[in-house]
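As structure tokens, the structure follows; a few thoughts come after it.
The values are calculated or read from the model by the stated rules, or taken from the named source; none is laboratory data. The structure displayed is predicted, hence computed values, not measured ones. No Cβ is skipped: glycine too gets one built from the backbone with ideal geometry, and neighbour counts run over all protein chains shown.
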Amino acid sequence: MINATGVSALCGEAPKRDREGNMKKFFRNGSIVLVGKYHEEALYDVSSNGLCVTFDGRGGIANLIACNHSDGYVRRSFLNLFVDGKRLDPFCEKRVKLVGRCQKLLLKDGDVKISVFQFVAANENAVFYEITANKAGQYEFVLDLGQATEGFRYAAGAAAHRYVPENAAVYLRTSKTARLVFAYDTEETYCEKLLSRFAAYKAQVVDEYEKIVIPRTAKTEKEKALYLSSVLCALENYKEYGENFKGFVAGVDRVNPIRTYFRDSYWTALCLYGRRPDLIKNQIVTLSHGIEENGDCSSAVTCRLHPYWRNHFDSPSYYVLAVYDYINRTGDFSILDVSVNGKTVYQLCLLVLDKLSGYEDETGLVVKSGQYNKRDWADEVNRTGYVTYVELLYARALECLSRIALTRDKTRADRYHQMFVRTKNAINMLLWDDEKGYYINYKNDDFVEDNLSIDTILAVLFGIADETKTERLLDAVSALLETRNNKVQKAGDFGVMCVWPFYRGIDRFLNRSSQVYDYHNGAVWPYWSALVAYAQKMHGRDCTYALTSSFDWGIRHGHYTPINYYSPINPVGSSLHAWNSVAALVYDWEKGDFFKENEAVWTK
């Protein structure tokens, strides 16, 4: 029976919908729950080792990408449900539960209730369906793949089933329950094998999210959902390919070819030290394959262990930071002796940082040379000369490597520490703008970009800013980058911008960053917002806005898995983007001390 709000007892009592007619959205036990009508779309990204899939909230699939398979795409498929020969009413009620690698759809049409459980299994390259009715009847379920499907294979558990290539559709007939497994470009019996173990795979997917312990710092149902989606975002982006590639891809649109980035993977891994340090160790070893003989580090390493966009200025530092953090948080020094291509990880740390130090000038700062040099995280902006972000990472890497080297070579350790002190002092002398109260973005002989870039928050995280500079920088970030406080920008309250004011000049930026409020030129990057939140937390400030505003914006606009970046006036970036997992760090490290030295490890 339908109640006054248009939501049945199946879905529970719910407030009226907003003016746009969006579904009711709430959170429960770490899940995102949507209540609405069957026809309403709810796009949700999931990923396994070999697939990236977008479920559509209606039982269909909006997109499917086979990793490392350039033509392995399915752009749209539909699930059509029939009861006694009659199509299920598109305006019937539904509830959608979104969590981990699965989407559960519960539909009610009259006295018929149908559950559609869709998921991918972590280490398999197939999509699983379980469709169940609440009472016996004559049900027909049709998965319409919407296009020619050469290489398509399936296995079904139903009273009758058939595949019609001319219609690109699978037809299932059952009295109550049906199961379906389908895949592309697999061996002939692959789907049958998976179907025989369907219950085990279903349990595996449910166990994965149910066994994640949500810390007490995530107090509200919304925060629990944010935390769970953050951790699972990291886990779902972990891929293995062949014998040697084991690491975190950047996101669901970075899988052709499969590749792992030095910077993305560093931030992605931070939420996993307490639960899967083995994956982080694998990540470090995989990155080691991408270090070139001369010490150059590319932006990323492909699944075939080739460099991808060579010679980035932040990658060497991220490599050293990853090794240090791994030791600092696990106490496992054996990582230093792992050999890759004839060099140990310890030797590779020395190699990459010595190569980067070759770009220093007499100040102790690294110089990004050339007029058009985009080789750091802001890879659509030509930040050249002294780039504060690059310098902060370099200083931190010198400090970390001095600590690592002290376990083996005191003379070398002392040298790196002296270099760290010189670089740290140069950052605070040459890149701090006392009038503005923050570090400038970058400067060279011809130009100073004195806007506030969110990546300078590293000065707080790494303890490079003193107490006064820390407080002033945090004040500036709140006043200028938090859009709720910045009344000069005209787009309203939408989160924490990555830069303000916008970049100046004509040819200093390109592509998306040539547009204001877009990409590196004022969009919101949720992982940087979370790092701002962590810096605020470290210094006793309220970090709620920086931590949750991106999640709020995403849910409000129908993005139910973490998006790479977004803008109120431009298209959003890719979904299920791995480094957004850093939000979980803020909840995991209640004391704000992740980046501090773990004395118990280093004084053994």
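Of the residues Phe141, Phe117, the single one that is surrounded by 17 or more Cβ atoms within 10 Å (Cβ to Cβ), out of contact with any Lys or Arg (no Cβ under 7 Å at 6 or more places or on another chain) and in a strand (DSSP E or B) is Phe141. Here are some residues: Asn485, Asn425. Which one is assigned to a helix (DSSP H, G or I) and surrounded by fewer than 16 Cβ atoms within 10 Å (Cβ to Cβ)? Checking each option against the conditions leaves just Asn425. All but one of (1) aliphatic (A, V, I, L, M); (2) closer than 24 Å to Gln418 by Cβ; (3) within 30 Å of the chain's Cα centre (by Cα) hold for Leu365, so report the exception by its number. Failed condition: (3). Within the set Asp455, Asp379, Asp446, the sole residue that is within 22 Å of Ser514 (Cα to Cα), outside any strand (DSSP E or B), modelled with pLDDT of 95 or more and of a type in the set (Asp, Glu) turns out to be Asp455. When you check Leu195 against the structure, is it buried (at least 17 other Cβ atoms within 10 Å of the Cβ) and touching a His at 6+ places or on another chain (Cβ under 8 Å), yes or no? Taking the combined requirement at face value, the residue does not satisfy it. Here the condition is being in a strand (DSSP E or B) and either at pLDDT 95 or above or not aromatic (Phe, Trp, Tyr) (or both); of Asp45, Asp18, it holds for Asp45 alone. Residue-level check: of (1) on the phi > 0 side of the Ramachandran plot; (2) crowded, with 23+ Cβ neighbours inside 10 Å, Asn564 misses just (1). The set of residues from region 382-412 being β-branched (Val, Ile, Thr) and assigned to a loop (DSSP other than H, G, I, E, B) comprises Thr384, Thr407.
Kindly indicate whether any position in region 35-44 is surrounded by 21 or more Cβ atoms within 10 Å (Cβ to Cβ), closer than 27 Å to Lys246 by Cβ and not small (Gly, Ala, Ser). The answer is yes; a qualifying residue exists.
Of all residues in region 210-241, exactly one satisfies the criterion of being in a loop (DSSP other than H, G, I, E, B), under 19 Å from Ala122 (Cα atoms) and among the charged types (D, E, K, R), namely Lys211. Looking only at region 212-231, decide whether some residue is out of contact with any Asp or Glu (no Cβ under 7 Å at 6 or more places or on another chain), more than 23 Å from Phe551 (Cβ to Cβ) and in contact (Cβ under 8 Å) with a residue 40 or more places away in the chain. The answer is no, given that none of the residues of region 212-231 is out of contact with any Asp or Glu (no Cβ under 7 Å at 6 or more places or on another chain), more than 23 Å from Phe551 (Cβ to Cβ) and in contact (Cβ under 8 Å) with a residue 40 or more places away in the chain. Region 490-604 holds helices (runs of 4 or more DSSP H) entirely within its bounds, and those carrying 3 or more residues that are out of contact with any helix residue (DSSP H, G or I) (no Cβ under 8 Å at 6 or more places or on another chain) map to 544-556.
Figure legend. Inter-residue proximity from region 274-285: first residues farther than 11 Å from Tyr326 by Cβ, second residues surrounded by fewer than 18 Cβ atoms within 10 Å (Cβ to Cβ) and of a type in the set (Ser, Thr, Tyr), beta-carbon distance below 6 Å, spacing 6+ or different chains. No pairs are indicated. Scanning region 83-104 for residues that are more than 23 Å from Ile212 (Cβ to Cβ), part of a strand (DSSP E or B) and within 37 Å of the chain's Cα centre (by Cα) yields Glu93, Lys94. Taken as a whole, region 365-374 holds no residue that is in contact with a helix residue (DSSP H, G or I) (Cβ under 9 Å, 6 or more places away or on another chain), part of a helix (DSSP H, G or I), at pLDDT 95 or above and of a type outside the set (Phe, Trp, Tyr). Here region 120-138 is the region considered, the condition is being among the β-branched types (Val, Ile, Thr) and touching a Leu at 6+ places or on another chain (Cβ under 8 Å), and the residue that is surrounded by the fewest Cβ atoms within 10 Å (Cβ to Cβ) is Ile131.
Note on region 162-202: residues that are in a loop (DSSP other than H, G, I, E, B), of a type in the set (Val, Ile, Thr) and touching a residue at least 24 places away in the same chain (Cβ under 8 Å) total 1. Restricted to region 159-187, and to residues that are surrounded by fewer than 20 Cβ atoms within 10 Å (Cβ to Cβ) and among the small types (Gly, Ala, Ser), which residue is modelled with the lowest pLDDT? Within region 159-187, the match that is modelled with the lowest pLDDT is Ala168.
Within the set of pairs 6+ apart or on separate chains, which have a first residue in region 343-361 that is closer than 17 Å to Arg408 by Cα, a second that is not in a helix (DSSP H, G or I), and C-beta atoms under 6 Å apart? Listed by first residue and then by second, the contacts come to Val345/Val338; Leu348/Ile291; Leu351/Gly295. Applying a threshold of 7 Å to beta carbon distances and a minimum spacing of six or more residues, or different chains, the list of pairs starting in region 363-377 at a residue that is under 11 Å from Glu391 (Cα atoms) and assigned by TED's automatic domain parsing to the domain that holds Asp507 and ending at one that is crowded, with 18+ Cβ neighbours inside 10 Å and among the basic types (Lys, Arg) reads Lys368/Arg383. Failed condition for Gly540, given (1) modelled with pLDDT of 95 or more; (2) over 17 Å from the mean Cα position of the chain (by Cα); (3) on the phi < 0 side of the Ramachandran plot, with all others met? It is condition (3) that Gly540 fails.
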